[in-house]
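Here is the structure we will look at.
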Amino acid sequence: MSTAVFLTASAALSFPPLANGYADSLFGYVTILDTPDLASALRSAQSSGVVMAVHGWRHENFSQLNPEQARQLVTKSIQVFREAGIVPRAFVEPYDTVLSAGVAEAIESEGLPIALPYTRPYEFLNASYEYLYAWAWRNMTGFLDLRFVGSEAMIIQQQPRYVVLHVQDWNIYSKKLVSVFLGSTSRTDVVVRVDDINPNTPPSVINDMASLLKYKSVEELAFAVIPSAPLSDNHTIGGVGNSMILTGYWVFYVATAFFPACFLFMWRYTSSDDSDPEGSPHSLAGYESPKVSVIVPAYNEEKRIWECLESISRQDYRGAMEVIVVNDGSTDGTAAVASRYPVKLINHTTNRGKASALNSGVGESKGEILVFSDSDSRMEKSSVRLLVEYLQRNRDVGAVAGCLEVGGTDKSIMMYFQAIEYKIGQRVDKFLQGRSGSVLVCPGPLSAARRSLASEFPFNEHSVIEDADFTSRLLRAGMQVGMEPNAVVYTDVPRSIRAWAKQRKRWWAGFLELWKAQKPWSTRNSWMILNYVLGYVVSLLSLLLMVLLPYFAATYALPMIEIERGLLFALFPIVFFMALYAPFLAKEKKMLLLLPAYSTVYYLMKTVLLSYLYLRYLVRAKYSVKFGSRKIMVRW
């Protein structure tokens, strides 16, 4: 936990400034030519009588430059001004310093005097800094602020000729201060200079400040413009800066993805893979070898059930074992294929559903331990033995889950995505659930339970996820449910997006049904809460934030630069999850290569589908899923 908290705090605090700084250097600087609305506002202000002045190229201190450097920067600035349709009439040194004779001459050689038309060189400097009446007012929140009260009294008393404003401090407070003075003074020679206008300045601010020309007391209003600048935080949406918005996205990611992942993976890396907590050998030596019943429900599995039965026939379990196949109203040759094997065959005349088939198998079983497997799954030869050993070693455990792997050799991209998902889900989440005796799902492809419990808690024929429903009732009754990570089963998964969506809608809608049906237990089980919050609540919030991104980008004058900056922020989560997943996929080169796509495309697919189901759940919209040949209404 401490490691996860440290890593999370480090990422939350250090990454945003690093990313923003790197983005500025990576994507370069912008000029007023890149912000046409700003250029248009400046041209309009110029037409109304505002004097335009060059304020450096990027706000350099020209007193520290040599003449040639100064000349080059001024030349570039003049060129940008002209291309924007703006005529610069003076040069305003960004730091109000005294320039050397050589630098001043270099600037004036480009046709720019180093003083505004109605001032003499360095006259602002001689007036001291008393003319900065609204300095650093960007964080002011009220007219009772002592800075406002003091400056208002001072400007009325001093009746200055010179007033210097900074565009970043322009707000209702600085506007009122200047307006009160200009509207009440008897002077008619006031020079107002606005510094630091740059490509990030909102055009509305230019239009607002240009209105100061309406006062008769103003002899000259000058805008000192920095033609080139890095993308900064001056642009706001609802008063919130663009960098702050990205930082908000980052904090959301850190809280809902980074920290949970750090915690779970740190826990996993520090946990032994030995499924026996006491370190005893994986053998039934010293234990009885109970009779085992393997129950296989099947519906229209003619083409695949033989592989399942073949894998069962090769099990190395030395105790007595019976195999029960429940043909749940299949309309193909499932029963004929199953009858070729030494199994007890139960035939349902109609498709009654998987839960009913499992209950029929339980009713006919004779084993002390029941092993459940799907007809499209293939067990490793040691799987039954390992499950039985687990239950014999751990007498307080009522059921145990096997470890699922994606089967098949003709893998599509969708199958590889699911293979990665299964690897991580089984080897991390379910493994840790097993460590705490709180596995949420004893999966249909492979799990085992004590017969007494399977009889006491029959499978729910009204649930769309009967395996999870059965497991949750065991947990709610105080039973422990474990996991045997070495009992591996290979199961078929959907090959197309459509088939995948159909399966996941049943699973994820079923979880919401279970969440509601098993309250208040659900809200007390930490794994249920984690799945609910990170699976549904976070998915919906993530989708809403993603939907807002185009709006945020569209409101900014340079949307592509904001998109590039956002992509830089998104790059870290991708690299982070790849680093976490890679050790579990070290032997799977294709999966490693697909990790970037998995971390983006597949996560987006899951986010959209989970959000859709969660919205339906929240509004209690009727929803049904197809399970076998039947449609079942989800009860939420």
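Read the figures in this text as sums done on the coordinates, not as results from a lab. Bear in mind the structure is a predicted one, so any value in this text is a computation, not a measurement. Every residue, glycine among them, receives a Cβ derived from its backbone with ideal geometry; neighbour counts consider all protein chains shown.
Under 5 Å between amide hydrogens, which residues at least 5 positions from VAL294 or on another chain qualify, with H placed 1.01 Å from N in the peptide plane?
Counting only residues 5 or more places away or on other chains, the set is GLU322, VAL323, ILE324, VAL371.
PHE627's amide H: which non-local residues (gap 5+, or another chain) put their own amide H closer than 5 Å, with H modeled 1.01 Å from N in plane and none for Pro or chain starts?
Excluding prolines and chain starts, which carry no amide H, the hits are ILE632.
Over 27 Å between Cα atoms: which of LYS411/LYS622; LYS303/LYS344; LYS344/LYS631; LYS291/LYS516; LYS590/LYS626 fall into that group?
Details: LYS411/LYS622 35 Å; LYS303/LYS344 19 Å; LYS344/LYS631 29 Å; LYS291/LYS516 37 Å; LYS590/LYS626 33 Å.
Checking Cα-Cα distances, LYS411/LYS622; LYS344/LYS631; LYS291/LYS516; LYS590/LYS626 exceed 27 Å.
State the Cα centre-to-centre distance between region 77-139 and region 424-446 in whole Å.
69 Å
So what's the net charge close to VAL218: Lys and Arg +1, Asp and Glu -1, counting the other residues with Cβ under 12 Å from its Cβ? Please report the intermediate quantities before stating the final value.
Details: positive: ARG161, ARG187, ARG193, LYS214, LYS216; negative: ASP189, GLU219, GLU220.
Value of the local net charge: +2.
Mean residue ellipticity at 222 nm from the helices of the chain, using -39,500 (n - 2.57) per DSSP H segment of n ≥ 4 over the full residue count, to the nearest 500 deg cm²/dmol?
Result for the chain: -14000 deg cm²/dmol, rounded to the nearest 500.
What is the antiparallel percent of DSSP beta bridges lying wholly in the chain, to the nearest 5?
Working: 18 of 60 bridges.
Here the share of antiparallel DSSP bridges comes out near 30 percent.
Can you figure out the FRET efficiency of SER179 with LEU541, using R₀ = 56 Å and their beta-carbon distance, to the nearest 0.05?
Values: r = 43 Å, r/R0 = 0.77.
Taking R0 as 56 Å, the efficiency between SER179 and LEU541 is 0.85.
Hey, how many Å between the Cα centroid of region 614-636 and the Cα centroid of region 205-230?
62 Å
Name the residues whose placed amide hydrogens come within less than 5 Å of the amide hydrogen of GLN480, ignoring near sequence neighbours (fewer than 5 apart) on the same chain.
Sorted by chain and number, the residues that satisfy this are GLY398.
Please label the shape of the chain as rounded, prolate or oblate, based on the square roots a ≥ b ≥ c of the eigenvalues of the alpha-carbon gyration tensor (a/c under 1.5 means rounded; beyond that, a/b larger than b/c means prolate, else oblate).
Details: a/c = 3.42, a/b = 3.23, b/c = 1.06.
In terms of gyration-tensor shape, prolate.
What ranking of ASP429, ASP396, ASP376 emerges when the number of other C-beta atoms within 10 Å of each C-beta is taken as an exposure proxy, fewest first? Don't skip to the answer; put the middle values down first.
On the way: ASP429 17, ASP396 9, ASP376 20.
With the sparsest Cβ surroundings first, the list reads ASP396, ASP429, ASP376.
Straight-line reach from LYS216: which lysines fall under 22 Å, measuring Cα to Cα and dropping same-chain residues less than 8 apart?
Candidates past the 8-residue exclusion: LYS175, LYS176.
For ARG82 and ALA621, calculate 0.36 nm times their separation in residues minus their Cα-Cα distance, and state this gained length in nm to one decimal.
Numbers: separation 539, 0.36 × 539 = 194.04 nm, distance 6.10 nm.
Stretched fully, the ARG82-ALA621 segment lengthens by 187.9 nm.
Determine the sum of side-chain charges near ASP492: Lys and Arg each +1, Asp and Glu each -1, restricted to other residues whose C-beta is under 13 angstrom from that of ASP492. Spell out each step's value before the answer.
On the way: positive: LYS303, ARG304, ARG378, LYS411, ARG495; negative: GLU301, GLU307, ASP374, ASP376, GLU405, ASP410.
That works out to -1.
Run through region 596-626 and list the trypsin sites (Lys or Arg not before Pro) located in a DSSP loop whose Cβ has at most 12 other Cβ atoms within 10 Å.
Numbers: sites: LYS606, ARG616, ARG620, LYS622, LYS626; in loops: ARG620, LYS622.
Passing sites in region 596-626 are ARG620, LYS622.
Can you give the three extents of the C-alpha atoms in region 510-551 along their principal axes, from longest to shortest, in whole Å?
41, 18, 12
Counting Lys +1, Arg +1, Asp -1, Glu -1, what net charge surrounds GLU105 among other residues with beta carbon under 15 Å of its beta carbon? Numbers along the way, then the final one.
Numbers: positive: ARG71; negative: GLU68, GLU93, GLU108, GLU110.
Charge balance near GLU105 sits at -3.
How high is the relative contact order of the chain, in percent, with contacts defined as C-alpha pairs under 8 Å that are six or more residues apart? Spell out each step's value before the answer.
Numbers: 1045 pairs, mean separation 76.2, N = 636.
Result for the chain is 12 percent.
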